[in-house]
1. Restricting attention to the stretch 95-111, and to residues there that are under 22 Å from the mean Cα position of the chain (by Cα) and closer than 18 Å to residue 73 by Cα, which single residue is surrounded by the fewest Cβ atoms within 10 Å (Cβ to Cβ)?
2. Give the stretch 72-93 a look and list any residue that's of a type outside the set (Val, Ile, Thr) and under 23 Å from residue 312 (Cα atoms), or say none.
3. Kindly list the number of the only condition in (1) under 17 Å from residue 75 (Cα atoms); (2) out of contact with any Lys or Arg (no Cβ under 8 Å at 6 or more places or on another chain); (3) of a type outside the set (Ser, Thr, Tyr); (4) surrounded by fewer than 23 Cβ atoms within 10 Å (Cβ to Cβ) that fails for residue 127.
4. Restricting attention to the stretch 162-180, and to residues there that are modelled with pLDDT of 95 or more and in a loop (DSSP other than H, G, I, E, B), which single residue is farthest from the chain's Cα centre (by Cα)?
5. Assuming residue 83 fulfils every condition listed in (1) surrounded by fewer than 21 Cβ atoms within 10 Å (Cβ to Cβ); (2) at pLDDT 95 or above; (3) in the same structural domain as residue 183 (by TED's automatic domain parsing); (4) not charged (D, E, K, R) apart from one, which condition is it?
6. Kindly evaluate residue 286 against the criterion of being within 19 Å of the chain's Cα centre (by Cα), modelled with pLDDT of 95 or more and over 30 Å from residue 161 (Cα atoms).
7. Yes or no: the stretch 291-305 includes at least one residue that is in contact with a helix residue (DSSP H, G or I) (Cβ under 7 Å, 6 or more places away or on another chain), more than 24 Å from residue 149 (Cα to Cα) and of a type in the set (A, V, I, L, M, F, W, C).
Amino acid sequence: MKEAYLYSNVQGKVRCTACNRYCLLGEGQTGFCGIRKNIDGRLFLLSYGRAAALAIDPIEKKPLYHYLPGGRVLSLSSSGCNWSCSYCQNYEISQRREIMGEYLTPEEIVKIAMNSGADGISYTYNEPTIFAEYAHDIGVVARKRGLFSTYVSNGYESAESIPYLGEFLDAISIDFKGNGNDLFGRKYIGILSYTPVFDTLKRLKNAGIYTEVTDLVVPVKGLGDNQEDARTLSRWIMDNLGPDTPLHFTRFHPDYRMRDVPATPVETLERHHAIAKEEGLKFVYIGNVPGHPLENTYCPNCGNELVRRYEFQIKKYEITPEGRCPFCGQDMHIVRKRRTSW
C-alpha cells in the first residue's frame, strides 16, 4: 500500500483523478476499481507492489505490431478494474475487488524482466490506469535499465493522468470494444459514453506516446459489430490520429457472463477491415484468427507482404532497417527504437 499521486482533496473528501470516473470518496470509501481508498483523508493505492499476474509475452500479443516488432515484454497486472465488461477474459483478476498477488518492489519487477531477457514491461490483463503509481515507479526504474514500458488500456485515463504517464510510458494499445457504440458501452461495460476514450487518444498524440488502436468486435444485437460504427471509428482515427495509425479488429470469444454469445464471424471482421481501408487507414489488421492473411503487414503502396505472422509470432520480416518497403521504398512507420528523451 502506498499513497496515491493522482488525487485531490475536495471539501473533506478525496477525488481520485486516475481515470474518468473521478470517484469522490469519503473516509474509508474505496473507488469503483476496488483498489484506491480514502484513509484518513488521503488516497492510497491498496495494491501497490502486488503483482497479480506475471508472464513473458511477445509484444505482438498486446497487440503492438509497429512498435519494436519481435520484442519480448514482461506482462504485469494488479487486481480490479474501472470497467465491468460482461465478456472479460481476465475476469478472475479484473472483476475481483480484493487485493491479491505477490509483493514485488519496482526494482524486483525490473530485475525479473531483465533476467528473463525481456526488452520491456507491459502493464496489462487488467486496466493499468488504476495502478498508475505502481506502473510509474516500475517504469522509471525500467527506463534507467534500458527497458521500455507499454500499456494495454481501455483508454479511460483522466486528463490529469496523461502527463504522469508521459514520465515513463513509451507506447500504448487502446482497446475500444464494441466499435465505440455508447449503447453497447452502457449495457455491457458500465460506462455512459466513449467520449473520454476519444479524448484520451487525442491527449496521447499530443503527449507523443506511441499509440495503436484495437477494437474487440462483439456480435450482439447489432451493437458491438455494427458496420456503420466501424466506419465512424475508422474515420475518426483517420481524421484525428492519421492514416498511419495501426487499427486491429479482434475476434470475440465467449467468456464470463457472455458465454452464450458465439465467437465473431470471420466475415464480420473482414468487412470491418475493408471499411477501415476504404476510409484511408494504411495498416489494418484482424486479430484472434490464427493464420488469417489479414494478420500480416502489407505495403500500402505496392501491396507486397512484408511481415507474416501466425498468432503472435513473426514468421517473415522483410522491412528494411530504415523501416521501409524493400520493393518500393514506402515508409512502413515502424518504431525501431524506444524513447530516450522526454
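1. Of everything passing the filter in the stretch 95-111, 106 is surrounded by the fewest Cβ atoms within 10 Å (Cβ to Cβ).
2. 72, 74, 75, 76, 77, 87, 88, 89, 90, 91, listed by residue number.
3. Exception for residue 127: condition (4).
4. Residue satisfying both the conditions and the ranking: 167.
5. Of everything listed in (1) surrounded by fewer than 21 Cβ atoms within 10 Å (Cβ to Cβ); (2) at pLDDT 95 or above; (3) in the same structural domain as residue 183 (by TED's automatic domain parsing); (4) not charged (D, E, K, R), residue 83 misses just condition (1).
6. When the stated conditions are applied, residue 286 passes them.
7. yes
Let's see how each residue does on (1) in contact (Cβ under 8 Å) with a residue 24 or more places away in the chain; (2) of a type in the set (Val, Ile, Thr); (3) in a loop (DSSP other than H, G, I, E, B):
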{"site": "70", "(1), (2), (3)": "yes, no, yes"}
{"site": "73", "(1), (2), (3)": "yes, yes, no"}
{"site": "79", "(1), (2), (3)": "yes, no, yes"}
{"site": "84", "(1), (2), (3)": "yes, no, yes"}
{"site": "89", "(1), (2), (3)": "yes, no, yes"}
{"site": "96", "(1), (2), (3)": "yes, no, yes"}
{"site": "114", "(1), (2), (3)": "yes, no, no"}
{"site": "132", "(1), (2), (3)": "yes, no, no"}
{"site": "140", "(1), (2), (3)": "yes, yes, no"}
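The values are calculated or read from the model by the stated rules, or taken from the named source; none is laboratory data. Small disclaimer: the values here were computed from a predicted structure and weren't measured. When we count neighbours, we look across all protein chains shown, and the Cβ atoms used for this are built from the backbone with ideal geometry, even at glycine.
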